[in-house]
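Heads up: the structure comes next, in structure tokens.
The values are calculated or read from the model by the stated rules, or taken from the named source; none is laboratory data. Model, not experiment: these values are computed from the prediction. So basically every Cβ, Gly included, is an ideal-geometry build from the backbone, and we count neighbours across all protein chains shown. Note: accessible area is taken over every heavy atom of the protein model, side chains too, but ligands, DNA and RNA are not part of it. Shrake-Rupley method; radii C 1.70, N 1.55, O 1.52, S 1.80 Å.
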Amino acid sequence: MTHALIVIDVQNDFCPGGALAVPEGDLIVPGINKLMADADAVVLTQDWHPKGHSSFASSHNGQGPYEVIDMPYGPQVLWPDHCIQGSGGAAFHADLDVNRANMIVRKGYRAGIDSYSAFFENDRETPTGLEGYLRTRGITRLTMAGLATDFCVNFSAVDAAKLGFEVNVRMDLCRAIDLDGSLAAAQAGMVKAGVVLTV
Ligand code: VGL
Ligand code: ZN
């Protein structure tokens with residue numbers, strides 16, 4: 001059985017001091033680096049938005065961050081501007097061992113659609129290509145860690161389980177945004193999808 005570590009969005013904007021800082025987001029970096037040694041493949045994901053992205057509150061008149069709007073593909077939380085392509089905020093945390101990465105998947109690069117999951121954009125059907133990469137490498141088992149537990153980790157883990165991968169989320173190496181109970185909902189949804197949560 002071939003095993004990949006999927007490191008979700010360990011980027012400066014999701015760490016303390018960043019534009020969409022996740023509390024303690026930086027604390028998970030050393031533990032994630034250690035996990036890389038046990039993996040046959042290491043994949044990093046990188047949230048990668050153009051300026052004026054439709055998931056930014058600043059792109060919608062009269063709307064503020066963390067409000068929810070209806071997009072053609074469904075409800076969308078509006079975020080502070082973050083992870084702008086090529087910016088320091090979009091860069092990986094300086095201590096993340098990026099040299100170990102075999103593959104970097106960028107997502108959220110289309111102006112009109114967000115992408116929480118490493119597998120599908122928020123229309124839930126446009127693929128990122130990660131599934132093909134993993135399958136052609138014969139990978140069946142995934143360990144996931146990163147930011148944020150309740151958004152990009154959650155969507156990635158549930159999609160992976162639905163696609164038939166065996167998925168373990170290292171909750172101890174994830175941190176959450178936690179909007180209106182989103183962390184509890186994410187945990188329940190991951191368990192329901194068959195994801196194993198390691199606390
Ligand atoms: C994320 C909100 C917006 C994440 C990305 O990485 O969980 N959350 N963009
Ligand atoms: Zn984003």
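Restricting to region 129-144, give me the number of residues that are touching a Phe, Trp or Tyr at 6+ places or on another chain (Cβ under 6 Å) and within 16 Å of ligand 1 (Cβ to nearest atom). Show your work before the answer.
So in region 129-144, the residues touching a Phe, Trp or Tyr at 6+ places or on another chain (Cβ under 6 Å) come out as 130-131, 142.
Now restrict to residues that are within 16 Å of ligand 1 (Cβ to nearest atom): 130.
Summing the residues that are touching a Phe, Trp or Tyr at 6+ places or on another chain (Cβ under 6 Å) and within 16 Å of ligand 1 (Cβ to nearest atom) in region 129-144 gives 1.
Quick one: would you say Ala111 is under 20 Å from Pro65 (Cα atoms), open to solvent by 10 Å² or more (accessible area, probe 1.4 Å) and either of a type in the set (Val, Ile, Thr) or within 16 Å of ligand 2 (Cβ to nearest atom) (or both)?
In short, yes.
Determine, yes or no, whether Asp123 is open to solvent by 20 Å² or more (accessible area, probe 1.4 Å), more than 22 Å from Gln11 (Cα to Cα) and either within 16 Å of ligand 1 (Cβ to nearest atom) or modelled with pLDDT under 95 (or both). Considered against the rule, which asks whether it is open to solvent by 20 Å² or more (accessible area, probe 1.4 Å), more than 22 Å from Gln11 (Cα to Cα) and either within 16 Å of ligand 1 (Cβ to nearest atom) or modelled with pLDDT under 95 (or both), Asp123 comes out as yes.
Return the total of residues in region 1-44 being farther than 19 Å from Ala101 by Cβ and at pLDDT below 95.
First, the residues of region 1-44 that are farther than 19 Å from Ala101 by Cβ: 1, 16-24, 27.
Checking which are at pLDDT below 95 leaves us with 1.
Within region 1-44, residues that are farther than 19 Å from Ala101 by Cβ and at pLDDT below 95 number 1.
Within region 45-85, if we keep just the residues that are in contact (Cβ under 8 Å) with a residue 24 or more places away in the chain, touching a helix residue (DSSP H, G or I) at 6+ places or on another chain (Cβ under 6 Å) and open to solvent by 10 Å² or more (accessible area, probe 1.4 Å), the residue that is farthest from ligand 1 (Cβ to nearest atom) turns out to be Gly52. The number of residues in region 33-44 being assigned to a helix (DSSP H, G or I) and within 14 Å of ligand 1 (Cβ to nearest atom) comes to 0. Checked against (1) in a loop (DSSP other than H, G, I, E, B); (2) within 13 Å of ligand 1 (Cβ to nearest atom); (3) over 26 Å from Ala188 (Cα atoms), Leu96 passes all but condition (2).
Tallying residues that are assigned to a strand (DSSP E or B) and either on the phi > 0 side of the Ramachandran plot or under 15 Å from the mean Cα position of the chain (by Cα) (or both) within region 55-76 yields 1. With a requirement of 1 or more residues that are exposed (fewer than 15 other Cβ atoms within 10 Å of the Cβ) and of a type outside the set (Lys, Arg), the helices (runs of 4 or more DSSP H) lying completely within region 129-199 that satisfy it span 130-136, 182-192.
Results for (1) within 23 Å of Ser54 (Cβ to Cβ); (2) in contact with a Leu (Cβ under 8 Å, 6 or more places away or on another chain); (3) at pLDDT 95 or above; (4) not aromatic (Phe, Trp, Tyr), shown as yes or no for each residue.
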site: Val98; (1), (2), (3), (4): no, yes, yes, yes
site: Gly108; (1), (2), (3), (4): yes, no, yes, yes
site: Arg135; (1), (2), (3), (4): no, no, yes, yes
site: Glu166; (1), (2), (3), (4): no, yes, yes, yes
site: Asp172; (1), (2), (3), (4): no, no, yes, yes
site: Asp180; (1), (2), (3), (4): yes, no, no, yes
site: Gly189; (1), (2), (3), (4): no, no, yes, yes
site: Val195; (1), (2), (3), (4): no, no, yes, yes
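Report whether or not Asp26 is within 13 Å of ligand 2 (Cβ to nearest atom), under 17 Å from the mean Cα position of the chain (by Cα) and surrounded by 15 or more Cβ atoms within 10 Å (Cβ to Cβ).
Values: within 13 Å of ligand 2 (Cβ to nearest atom): no; under 17 Å from the mean Cα position of the chain (by Cα): yes; surrounded by 15 or more Cβ atoms within 10 Å (Cβ to Cβ): yes.
The answer is no for Asp26.
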